[in-house]
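All remarks here apply to the structure that follows.
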Amino acid sequence: MRRGRPSCHVKFGEATALLAGDALLSLAFETALCNNNIDKIAPENVVRAAGELARASGAVGMVGGQIIDLESEGHKVSLKTLEFMHNNKTGAMIVAAAKMGCISANAGKKQVKAAEEYAKRLGLAFQIVDDLLDVEGDVTKLGKPIGSDDNNEKTTYITHLGIEKSRTLVEKLTEEAERQLDVFCDSSFLKELSRRLSMREN
């Protein structure tokens, strides 16, 4: 269940779910590289942004992180491995989104780097909140069963740190993320985003 609805592979079958994933990945690059973007954004920036997306979604990003996740089921993994997995799974895509926005807007190197550091911390905090919700979330708000990590014998931040230290780490990462935004003129939306994600209930 996701958001109170059956997952794609449950409702439509695994083959259709896999093809849907393929189609959406292709659509991402179609969207990034469409003529509408090239007409409005410097072509070299469009290419750079698409390159960020390609790297983040591939073997050294989301796919690689997901492989580690699958291979870790039923095994105790170190905190370092856990952080590496999340940085390359959830984190890689959030970092790509942040950098692509900066690149498209022709931001300077300092701003692109700040966006990357913001997004890294945001992505890790997001994942730790996921771990917390799997333990103490409200099923009616979460829209899926809780306790799945434990049932699948997955090592999480809760396994290593416990609930209170995990909450403290989320707060620390959120504050660090927000400090990265000082190089931008108006970062109120991104600060609000990081704060809301740290307190989310689903």
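The values are calculated or read from the model by the stated rules, or taken from the named source; none is laboratory data. Remember, predicted model here, so these are calculated numbers, not experimental data. Heads up, the Cβs are rebuilt from the backbone with ideal geometry, glycines too, and the neighbour counts pull from every protein chain shown.
Pick out the one residue from A49, A54 that is within 26 Å of A125 (Cβ to Cβ) and crowded, with 16+ Cβ neighbours inside 10 Å. Spell out how you get there, then give the answer.
On the way: A54 fails: crowded, with 16+ Cβ neighbours inside 10 Å.
When all the criteria are applied, what remains is A49.
Scan the range 140-157 and report the pairs whose first residue is free of Cβ contacts under 8 Å to residues at least 60 places away in the same chain and whose second residue is of a type in the set (S, T, Y) and surrounded by 15 or more Cβ atoms within 10 Å (Cβ to Cβ), with Cβ atoms within less than 8 Å and a gap of 6+ or a chain change.
D149/T156
Between a first residue in the range 181-202 that is part of a loop (DSSP other than H, G, I, E, B) and a second residue that is surrounded by 15 or more Cβ atoms within 10 Å (Cβ to Cβ) and not aromatic (F, W, Y), which pairs have beta carbons less than 6 Å apart while being 6 or more apart in sequence or on different chains?
S187/L181; N202/L142
Does any residue of the range 97-114 turn out to be under 12 Å from the mean Cα position of the chain (by Cα) and touching a residue at least 12 places away in the same chain (Cβ under 8 Å)? Before the answer, list the steps.
Step one: list which residues in the range 97-114 are under 12 Å from the mean Cα position of the chain (by Cα), which gives 97-98.
Still in the running and touching a residue at least 12 places away in the same chain (Cβ under 8 Å): 97-98.
The answer is yes, given that some residue of the range 97-114 is under 12 Å from the mean Cα position of the chain (by Cα) and touching a residue at least 12 places away in the same chain (Cβ under 8 Å).
Among (1) assigned to a helix (DSSP H, G or I); (2) at pLDDT below 95; (3) crowded, with 16+ Cβ neighbours inside 10 Å, where does D150 come up short?
Status for D150: all satisfied but (3).
Kindly indicate whether any position in the range 2-9 is modelled with pLDDT of 95 or more, surrounded by 18 or more Cβ atoms within 10 Å (Cβ to Cβ) and not charged (D, E, K, R).
Here is the first cut: in the range 2-9, the ones modelled with pLDDT of 95 or more are 8-9.
If we keep only those that are surrounded by 18 or more Cβ atoms within 10 Å (Cβ to Cβ) as well, we get none.
No - not one qualifying residue is present in the range 2-9.
Any residue in the range 67-96 that's in contact (Cβ under 8 Å) with a residue 40 or more places away in the chain and within 19 Å of T174 (Cβ to Cβ): show its pairings with residues that are exposed (fewer than 12 other Cβ atoms within 10 Å of the Cβ) and of a type in the set (S, T, N, Q) at Cβ separation under 7 Å, as long as the two are six or more apart or on different chains.
Note: no pairs meet the criteria.
Looking at the range 32-49, is at least one residue of a type in the set (D, E) and more than 19 Å from the chain's Cα centre (by Cα)? Spell out how you get there, then give the answer.
Of the range 32-49, the ones of a type in the set (D, E) are 39, 44.
Cutting the leftovers down to more than 19 Å from the chain's Cα centre (by Cα) gives us 39, 44.
Yes, the range 32-49 has at least one match.
When the range 47-79 is examined, which residues are found to be among the basic types (K, R) and either at pLDDT 95 or above or on the phi > 0 side of the Ramachandran plot (or both)? Explain how you work it out, then say what you get.
As a first pass, look at the range 47-79 and keep what is among the basic types (K, R): 48, 55, 76.
The answer is R48, R55.
Among the residues of the range 62-73, is any of a type outside the set (K, R) and closer than 26 Å to F189 by Cα?
yes
Are there any helices (runs of 4 or more DSSP H) wholly within the range 1-112 with 2 or more residues that are in contact with a helix residue (DSSP H, G or I) (Cβ under 9 Å, 6 or more places away or on another chain) and closer than 30 Å to V139 by Cβ, and if so which? Before the answer, list the steps.
Details: elements: 8-12, 14-33, 35-40, 43-57, 62-72, 79-88, 90-104.
It comes to 8-12, 14-33, 62-72, 79-88, 90-104.
Out of all the residues in the range 18-33, is one or more of a type outside the set (K, R), exposed (fewer than 11 other Cβ atoms within 10 Å of the Cβ) and over 23 Å from A92 (Cα atoms)?
No, the range 18-33 has no match at all.
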